[in-house]
Amino acid sequence: MLRTEAPTREDLVRRASELVPLLRSRARWIDEHRRLPEDVIEALEGSGLLRMRVPTQYGGYESDARTLIDVHAELARGDGSAAFCVSVWSLINWVAARFPDEVLDEVFATPNTRVCGTISATGTATPVKGGYVFNGRWRFNSGVLHSQWKFTAAMLDGPAGEQEPYTALIPVSDFEIVDDWDVSGLRGTGSVTAVAKDLFVPAERVIATRVLFSDECQSKINATKPIYNVPLLVTSTAATAGQTIGSAKYAMENILERLPDRKITYTDYTSQREAPITHLQVGEAALLTEEAEARAHRFTDLCDAKTRNDETWTEEERVHSRVQMGRIAQLAKKAVDTLAMAGGGSSIYSDVPIQRIQRDLNAVTIHALTNPSTNIELYGRMLCGLKPNTPYL
């Protein structure tokens with residue numbers, strides 16, 4: 001077993017900050033080529049940031065929730081697609097660590113292992129001797145072009161016709177990859193479609209999805225660690241929220257850099273910096289970003305405290321986690337939309353970062369698990385005394 005001393009949060013944030021110039025210099029290439037370039041992957045590997053949620057016995061850091069927020073925010077100051085891929089790897093590496101130990105020995109045998117995937121069961125898993133045969137198409141596989149393993153969900157095709165979602169860890173090389181990721185936002189995540197045709201998966205790498213949403217960590221070693229007993233969707237909030245905050249911060253930096261040399265066309269303002277409307281826009285965006293970050297830190301402080309004490313999460317707390325994810329994204333998006341309006345017509349050019357920041361953040365916000373409307377409705381149901389209308393908590 002490989003063990004290493006985990007860096008501090010401050011050290012990991014510093015490493016992320018050191019990557020920002022590279023990410024900004026490659027951002028347009030990333031957007032145009034719809035994937036991350038090899039020099040960015042190599043830099044991420046060298047930084048150690050891909051190990052944040054890998055178990056310590058495989059050289060990982062088991063970083064806390066607050067670290068995920070702050071590191072992913074810093075990466076988003078460089079490029080939204082790169083930050084999104086790292087957030088996916090942070091989350092799904094953690095999910096993979098809940099599988100049986102013999103599976104983990106295989107999955108984490110490679111240094112800087114990257115596991116991608118989704119929980120959408122858009123395929124079938126048919127029981128056969130020794131395992132299951134998977135068939136189906138899975139979309140939105142962010143980071144799959146640079147991943148070794150894919151977390152895959154499918155509906156069990158049982159002998160009596162009963163259906164239940166099951167999940168598996170499958171090598172990416174076993175899938176057919178369809179290059180269909182031609183989208184408006186998060187273009188550089190390379191979230192292409194993966195196809196399985198009569199693909200055999202050993203039984204030890206397949207478990208019921210309901211188990212992943214329970215407190216039943218299948219790894220005997222990791223089951224003793226409170227960090228792997230946190231609910232999946234709570235961990236998802238911690239992994240996802242930071243990048244939205246970083247995107248808003250990057251948008252602010254970009255606007256402030258452009259202000260002194262920009263006039264407001266068809267007005268007497270020779271410098272946008274002098275216009276009251278600019279002061280209102282910048283001030284409002286700054287407050288929205290501060291509120292998003294404060295909310296994220298308040299949530300992760302709670303998450304880390306409960307993790308340290310190995311406390312069980314109630315249904316109400318799980319719902320509260322979902323709404324944090326939506327609200328943080330909503331606040332950050334409002335901040336970026338406000339700043340994009342302040343950017344004026346010239347900001348729609350491809351070499352001006354704010355148009356890409358806005359597109360990327362919009363893609364994050366309309367993600368099914370992040371969507372503010374869905375999550376706020378869920379929160380409102382709870383406040384009204386109704387049961388949640390989703391098992392994804």
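Please treat every number below as a calculation from the coordinates, not as lab data. All figures in this text were calculated on a predicted structure; none of them were measured in a lab. When we count neighbours, we look across all protein chains shown, and the Cβ atoms used for this are built from the backbone with ideal geometry, even at glycine.
Tabulated results
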read-out	value
Length gained when the stretch GLU311-GLU10 is fully extended (0.36 nm per residue, less Cα-Cα span)	105.8 nm
Which of LEU19, LEU361, LEU287, LEU156 has the fewest Cβ neighbours within 10 Å, and the rest in rising order	LEU287, LEU156, LEU19, LEU361
Given charges at Cβ of Lys, Arg, Asp, Glu: the chain dipole, positive-most of VAL40, GLN324, ALA153	GLN324
Rg/Rg_ref, the stretch 18-85, where Rg_ref = 2.2 N^0.38 Å and atoms are Cα	1.13
The stretch 141-157 - phi-based ³J(HN,Hα) in whole Hz, Karplus 6.51/-1.76/1.60, Gly and Pro as x	8, 4, x, 5, 5, 10, 10, 8, 10, 10, 7, 10, 10, 8, 7, 5, 9
Cβ-defined net charge surrounding GLY283, 14 Å radius [Lys, Arg +1; Asp, Glu -1]	-1
Label assignment, mean projected area of the Cα convex hull in nm² derived from the structure, set (1) 23.4; (2) 20.0; (3) 19.0	(2)
The stretch 158-233 and the stretch 359-393: distance between their alpha carbon centers, rounded to Å	22 Å
Listed residues ASN229, TYR269, GLN218: farthest to the positive end of the dipole of the stretch 200-280 (Cβ charges)	GLN218
Folded to 0 to 90 degrees: helix 232-258 orientation relative to the chain principal axis, Cα	20 degrees
For the chain: relative contact order, % (alpha-carbon pairs under 8 angstrom, 6 or more apart)	17 percent
The chain: calculated mean residue ellipticity at 222 nm from DSSP helix runs of at least 4, using -39500 (n - 2.57)	-16000 deg cm²/dmol
Relative contact order of the stretch 230-383, pairs being alpha-carbon contacts under 8 Å that are 6 or more residues apart, as %	32 percent
Gain in span if fully extended, HIS297 to SER25, counting 0.36 nm per residue against the direct Cα distance	95.0 nm
Separation between Cα centres of the stretch 9-88 and the stretch 236-255, rounded to whole Å	13 Å
Environment charge of VAL172, counting only residues whose C-beta is closer than 13 Å and scoring Lys/Arg +1, Asp/Glu -1	0
